[in-house]
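Accompanying notes for the structure given below.
The values are calculated or read from the model by the stated rules, or taken from the named source; none is laboratory data. Small disclaimer: the values here were computed from a predicted structure and weren't measured. We place every Cβ from the backbone using ideal geometry, glycine too, and count neighbours over all the protein chains shown.
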Amino acid sequence: MRNRHLFGPVPSRRLGVSLGVDLIPHKTCSLNCVYCECGKTTNLTLERREYVKTDRVINELNNYLSQGPPLDYITFAGSGEPTLHSRIGDIIAFLKDNYGHYPLCLLTNGTLFHDPYLRKEVSKLDLIIPSLDAASEKVFQAVNRPHKELSCSKMIEGLVELRKDFPGEMRLEVFIVPGLNDTAEELGAIKAAADRINPDSIQLGTLDRPGTEDWVEAATNEDLKRIASYLGRSEIIGEFRARQKILSFKESYSRLILQTLRRRPCTIEDLNAMLGIHPAEVQKYVNHLLEEGKIEVEKLERGQFLKVRKAPGKIMK
Ligand code: SF4
């Protein structure tokens, strides 16, 4: 059986060797962030439903995990918002009951935790990494472009309630978009919200790969350090661990992607369709090739195309 809903294991900068579980079709989300690496949200929704068959996901997990692979985490992530899946709680319960030795993580945009039922569903996870890129309505609209029924204050209240109920680790992720959420005023509001939410730590990120909007720029390392020291309990999301040393990093995938791009420029979706590798996994290998300066991005009408760099040079940011 081909795995449709699992990807990786992929080397993750935050989680070591992580098996991804994708419960949501591309690109279904409650937000449409300007920096999203998965492209524009095509289904902007707050509807929680069984977007992919729970039984199929559980079968795939069972087949894969029964072989006892070495993993640091099993992570709910992918090309949309995982908490929109209405049976995520059943999948978490299956994993805890049958494969409880694997730590479980959720990467989430944090918008739906005002729902007490969802907070209960995720309560058995080991680690939740919700995002908080804004604390004012104006900046929330500018950076995250939410579904019209969402508000920044509702999202923050949901995160405050989640922290009260959730016994596991919470790392709050703040993605810095220069010119939008790095003003003194907004950072002050984010700090006040973070203090109320009270996560175990704050992780600061910025653009390091092509985002949805090409005007989004990366924050400088100096600015990130300054913001980290202002927010407190913060770390800057570091570089990937040396990938070649991670068992699951498949050099063959890097080579295959490079060979394909030598023939013609492709989008992430093209590579996914041609090579049969999950888009989130393609993205990891693409990031690696971008960091190595072996490929670059060109924005064309059909989207952002990846192509081989003519000569080795500056790393794409
Ligand atoms: S929440 Fe995540 S998946 Fe949704 S648009 Fe923002 S970055 Fe993309």
Could you tell me whether L204 is in contact with a helix residue (DSSP H, G or I) (Cβ under 6 Å, 6 or more places away or on another chain) and surrounded by 17 or more Cβ atoms within 10 Å (Cβ to Cβ)? yes
Picking from L95, L118, L71, which residue would you name as being assigned by TED's automatic domain parsing to the domain that holds G179 and within 16 Å of the ligand (Cβ to nearest atom)? L118
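Scan S30, S66 and give me the residue that is farther than 19 Å from Q283 by Cα, more than 16 Å from the ligand (Cβ to nearest atom) and out of contact with any strand residue (DSSP E or B) (no Cβ under 6 Å at 6 or more places or on another chain).
When all the criteria are applied, what remains is S66.
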One residue from A228, A193, A189 being among the small types (G, A, S) and either outside any helix (DSSP H, G or I) or farther than 23 Å from C105 by Cβ (or both): A189
Would you call G78 closer than 19 Å to N287 by Cα, at pLDDT below 90, within 9 Å of the ligand (Cβ to nearest atom) and buried (at least 22 other Cβ atoms within 10 Å of the Cβ)? yes
Cβ contacts < 8 Å: first residue hydrophobic (A, V, I, L, M, F, W, C), restricted to segment 144-157; second residue more than 15 Å from the ligand (Cβ to nearest atom), any location; separation 6+ or different chain. Result? C152/A135; C152/S136; C152/E137; M155/H114; I156/A135; I156/A193; I156/R196; I156/I197
Among (1) surrounded by fewer than 21 Cβ atoms within 10 Å (Cβ to Cβ); (2) within 14 Å of A135 (Cβ to Cβ), T212 falls short only on (2)
Surrounded by fewer than 24 Cβ atoms within 10 Å (Cβ to Cβ), part of a helix (DSSP H, G or I) and within 16 Å of the ligand (Cβ to nearest atom): which single residue out of V139, V160 fits that description? V139
Could you tell me which residue of segment 12-27 is farthest from I91 (Cα to Cα), considering only residues that are in a loop (DSSP other than H, G, I, E, B) and within 15 Å of the ligand (Cβ to nearest atom)? R14
Please state which one of T111, T83 is closer than 20 Å to T45 by Cβ, touching a strand residue (DSSP E or B) at 6+ places or on another chain (Cβ under 9 Å), assigned to a helix (DSSP H, G or I) and in the same structural domain as E50 (by TED's automatic domain parsing). T83
For segment 63-75, does any single residue satisfy the condition of being touching a Phe, Trp or Tyr at 6+ places or on another chain (Cβ under 7 Å) and assigned to a loop (DSSP other than H, G, I, E, B)? yes
